[in-house]
1. What is the one condition in (1) of a type in the set (G, A, S); (2) within 15 Å of the chain's Cα centre (by Cα); (3) not in a helix (DSSP H, G or I) that G50 does not satisfy?
2. Name the pairs whose Cβ atoms lie under 7 Å apart, with the first residue in segment 88-117 and free of Cβ contacts under 8 Å to residues at least 24 places away in the same chain, the second small (G, A, S) and not in a helix (DSSP H, G or I), and 6 or more positions between them or separate chains?
3. Would it be correct to say that V83 is within 22 Å of G50 (Cα to Cα), open to solvent by 50 Å² or more (accessible area, probe 1.4 Å) and over 19 Å from the mean Cα position of the chain (by Cα)?
4. Give segment 52-71 a look and list any residue that's of a type in the set (S, T, Y) and open to solvent by 80 Å² or more (accessible area, probe 1.4 Å), or say none.
5. When you go through L3, L106, L32 one by one, which is the residue that is surrounded by 13 or more Cβ atoms within 10 Å (Cβ to Cβ) and either modelled with pLDDT under 95 or among the hydrophobic types (A, V, I, L, M, F, W, C) (or both)?
6. Could you tell me which of the residues V74, V45, V41 is of a type in the set (V, I, T) and either in contact (Cβ under 8 Å) with a residue 24 or more places away in the chain or surrounded by 16 or more Cβ atoms within 10 Å (Cβ to Cβ) (or both)?
7. State which residue is surrounded by the fewest Cβ atoms within 10 Å (Cβ to Cβ) when the search covers only segment 18-29 and only residues that are at pLDDT 90 or above and either in contact with a His (Cβ under 7 Å, 6 or more places away or on another chain) or not in a loop (DSSP other than H, G, I, E, B) (or both).
8. Of everything in segment 86-103, what is open to solvent by less than 50 Å² (accessible area, probe 1.4 Å), among the hydrophobic types (A, V, I, L, M, F, W, C) and within 21 Å of V54 (Cβ to Cβ)? Give them in sequence order.
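The values are calculated or read from the model by the stated rules, or taken from the named source; none is laboratory data. A quick note: this is a predicted structure, and the numbers were derived from the prediction, not measured. Cβ coordinates were reconstructed from backbone atoms using ideal geometry, including for glycine residues, and neighbour counts include every protein chain displayed. To get the accessible areas, we keep the full protein, side chains included, count just its heavy atoms, and leave off ligands, DNA and RNA. Shrake-Rupley method; radii C 1.70, N 1.55, O 1.52, S 1.80 Å.
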Amino acid sequence: MSLIKKVLFFFILPILGILFYNPATLGKALPLITIVAAFFVIVGVLLMRGYSTVLTFAIFLNGMNAIVRLMMLVSNAFTKNGVFQPAFAIFTFCGLAISFFLMLRLDKADVRKTMVR
């Protein structure tokens, strides 16, 4: 696997998948965003070093994110008055798609080959 793919799969996509929310919502949580981004940078560094246990943990985190976003999409896409929130639905679905893709992609054989220390 090339270095660009490793950076994409281990650093960029996990941070995007977790933090893909409406920018108005994210603007209120800048300290939390930096903590989450730092956490995923540490996970990415450990993945680049070849820790297979961290790979399993990253797959688990992306799967949990996909499940939580699916539950949020179903319950929060409409307000209590029945008004559809397209921005929330789009951002939630995109974050769900990124996490689901990453969960399936990280479990492939070529990624597992890079985990040999």
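1. (2)
2. A89/A77
3. Values: within 22 Å of G50 (Cα to Cα): no; open to solvent by 50 Å² or more (accessible area, probe 1.4 Å): yes; over 19 Å from the mean Cα position of the chain (by Cα): yes.
No; evaluated as a whole, the condition is false for this residue.
4. Our first condition is that a residue be of a type in the set (S, T, Y); within segment 52-71, this holds for 52-53, 56.
Across segment 52-71, the qualifying residue is only T53.
5. Working: L3 fails: surrounded by 13 or more Cβ atoms within 10 Å (Cβ to Cβ); L32 fails: surrounded by 13 or more Cβ atoms within 10 Å (Cβ to Cβ).
The unique qualifying residue is L106.
6. Working: V74 fails: either in contact (Cβ under 8 Å) with a residue 24 or more places away in the chain or surrounded by 16 or more Cβ atoms within 10 Å (Cβ to Cβ) (or both); V45 fails: either in contact (Cβ under 8 Å) with a residue 24 or more places away in the chain or surrounded by 16 or more Cβ atoms within 10 Å (Cβ to Cβ) (or both).
Only one candidate passes the filter, namely V41.
7. Selected residue: L19.
8. Once the filter is applied, which keeps residues that are open to solvent by less than 50 Å² (accessible area, probe 1.4 Å), among the hydrophobic types (A, V, I, L, M, F, W, C) and within 21 Å of V54 (Cβ to Cβ), segment 86-103 yields I98, L102, M103.
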